[in-house]
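Enquirer: Here it is: the structure, laid out below.
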Amino acid sequence: MKGWYSKMDLQMHIAAISRTDISAAERLESLRVIAAHTAEIERTEPGIFVNNHIHTCYSFSPYTPTSAVFYAWKAGLRTAGIMDHDSVGGMREFIEAGKIMGMPITCGFECRVNVKGTALEGKKINNPDQKSCAYLAMHGIPHQSIEKAEAILSGIRAKRNERNRKMCARISEMTASAGITLDFDADVYPLSMAREGGSITERHILFALTKKITSRYSDRAMACDFVETLTGKPLGEKTRAKLLDAPDNFYEYDILGVLKGHMVERFYIDADEECMNIREFTALAHELGAISAYAYLGDVGESPTGDKKAQKFEDDYLPELFDTLADCQFSAETYMPTRNTKEQLARLMGMCHDRDLFEISGEDINSPRQSFICPALADPAYAHLRKTTYALIGHEIAASKNLADSMFSAETKAKMPSLAERIEHYARIGGWADRFLNPHCFINLHFTRNSFRKGQILS
């Protein structure tokens, strides 16, 4: 009976790391218990896979920062990166979780910016909902810069919530006849981590609406009928079957995906006051010692996440886009290999090479159906993205000790003008040689690195 009780206790701790009604300290304490019993946990053998773009509950996700690290580890990832919208609230917890699990991590956030005053103004860029507005990512945030980033992002979130309230009111106008209304404070806010520096996104609003729908229509067929009426779009045989048969822990997220794909344009209010300008974004990245990255979307056929319609984005004016990125002093390009065709990716990578842009890969995780693993990274064409991940880790390690040692600081570029040389240097600091010369090596490179192993901090 002792073994049975031990197993039950371990499961209790695994459940605890996903709870948002307890503190980060409590989630981390449960993770320490889990880390002491990893031999008892079924895990995919670590291979070659990495991921720099995992959302947590501090924007929208079923994962807390602690559980994100655990499930990334369980899936066999070598590294994991936090990437929340308008928030750095989960970073400290994520860093500690990585330390506990012996997993190298990276920290970043993404936000919307306006592109006024550039050649991109008036264009649909990588944002399905608004022209002249782009999603950008800030990667490799040095840990001493987290609070400085929060000082900026807190104001953005406050402005965003003013807009969120208005969008909830618009939805209520659409659903009131069915006896469903949406209150920002009562229905949406509690689904977020706003009380602890988290953001509230359109996904939160639609998740709150989803919960109203499933509460009113316990019969899934009736819920599907209501969703069709609300969106004005037939679900289609495949989507309806998916909703009817979805496991309980997927069901509401699946409805959310449908609503996001077909309803946002009906209630969305343009982000304006909350958006910094694109040049302000790159200036902030420089100040923080972080890496500014444009997030390539590309023309979309069938959406892998099911929440984007087939539509066109940057592909028709990609050279012009890259000219703007150069003019605004961007350091990197980030993209998802599973989202695009090989032809799109070949063109994108060629332009990154020609423009000397650092390439970062990450799979956008914000739903329980999504895999932490990007199978495309096994393709030799994208093998360099594994090495750049370790360079990103190395950058964060170095810059967290001294901002002058960041990958794109003036001091570093003066010593190593070649991007290829810098990638090699920082990849070794990040543990590239250790991990890939010996694939079974799984030591805590992020926190037990007095000599930074085979890499050296710039002097």
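Rule-based calculations on the coordinates, nothing more; no lab input. Everything numeric here is computed off the predicted structure, so don't read it as measured data. Methodologically, a virtual Cβ is constructed for each residue, glycine included, from the backbone with ideal geometry; neighbour enumeration extends over all protein chains shown.
Enquirer: What residues from region 101-115 fall in the zone where the backbone N is under 13 Å from a label point 7 Å along the Cα-to-C-beta line of N277?
Expert: Residues 114-115 qualify, since their backbone N sits under 13 Å from the label point.
Enquirer: Right, something else. Once fully extended, how much extra length lies between A414 and T181, figured as 0.36 nm per residue of separation less the alpha-carbon to alpha-carbon distance?
Expert: Taking 0.36 nm per residue and subtracting the Cα distance, the gain is 78.1 nm.
Enquirer: I need the calculated FRET efficiency for the pair A404 and S23, taking r as the beta carbon distance and R₀ as 60 Å, to the nearest 0.05.
Expert: Efficiency at R0 = 60 Å is approximately 0.95.
Enquirer: Per q in 0.12, 0.16, 0.19, 0.23 1/Å, what log10 I(q)/I(0) does a Debye calculation on the alpha-carbon atoms of region 260-393 return?
Expert: -0.55, -1.00, -1.35, -1.53
Enquirer: Report the calculated FRET efficiency for E237 and R195 (r = Cβ-Cβ distance, R0 = 41 Å), to the nearest 0.05.
Expert: Efficiency computed from Cβ-Cβ geometry: 0.45.
Enquirer: Same structure again: As an exercise, identify the GluC sites (Glu not before Pro) in region 302-409 lying in DSSP coil whose Cβ has no more than 13 other Cβ atoms within 10 Å.
Expert: Answer by residue number: E302.
Enquirer: Let me know the shape class of region 360-426, please: from the alpha-carbon gyration tensor, a ≥ b ≥ c as square roots of the eigenvalues, rounded when a/c is under 1.5, otherwise prolate if a/b is greater than b/c, or oblate.
Expert: Cα axes put region 360-426 in the oblate bin.
Enquirer: How much length, in nm to one decimal, is gained on full extension between R369 and R170, taken as 0.36 nm per residue of separation minus their Cα-Cα distance?
Expert: Extra length available between R369 and R170 comes to 68.7 nm.
Enquirer: Once phi is turned into ³J(HN,Hα) by the Karplus curve 6.51 cos²θ - 1.76 cosθ + 1.60 with θ = phi - 60°, what whole-Hz value does each residue of region 15-24 show in order, with x for glycine and proline?
Expert: Values, residue by residue: 5, 5, 5, 9, 7, 9, 8, 10, 7, 4 Hz.
Enquirer: In terms of modelled amide H atoms, which long-range or inter-chain residues lie less than 5 Å from the amide H of I360?
Expert: Under 5 Å from the amide H of I360: E333, T334, Y335.
Enquirer: List the relative contact order of the chain as a percent without decimals, with contacts defined as Cα pairs under 8 Å and 6+ residues apart.
Expert: 17
Enquirer: Given the C-alpha centroids of region 205-271 and region 56-94, what is the distance between them in whole angstrom?
Expert: Each part reduced to its Cα centre gives a spacing of 26 Å.
Enquirer: Then there is this: Kirkwood hydrodynamic radius of region 39-171 from all distinct Cα pairs, in Å?
Expert: 16.4
Enquirer: For E424 and A378, FRET efficiency with R0 = 22 Å and r from the beta-carbon atoms, rounded to 0.05?
Expert: After rounding to 0.05, the efficiency reads 0.50.
Enquirer: A follow-up question, please. Taking the radius of gyration and the Kirkwood hydrodynamic radius from Cα positions alone, what is the Rg/Rh ratio for region 99-145, to two decimal places?
Expert: Taking Rh as the inverse mean 1/r over Cα pairs, Rg/Rh reads 1.21.
Enquirer: Another one. Assign one of three labels to region 1-53, namely rounded, prolate or oblate, based on the Cα gyration tensor with a ≥ b ≥ c the square roots of its eigenvalues; rounded applies when a/c is under 1.5, prolate when it is not and a/b is larger than b/c, and oblate otherwise.
Expert: Oblate is the answer for region 1-53, as a/c is 1.5 or above yet b/c matches or exceeds a/b.
Enquirer: While we're here: At q = 0.13, 0.16 Å⁻¹, what is the log10 ratio I(q)/I(0) for region 155-267, with the Debye formula run over Cα points and no solvent?
Expert: Taking Cα atoms of region 155-267 as identical point scatterers yields -0.48, -0.72.
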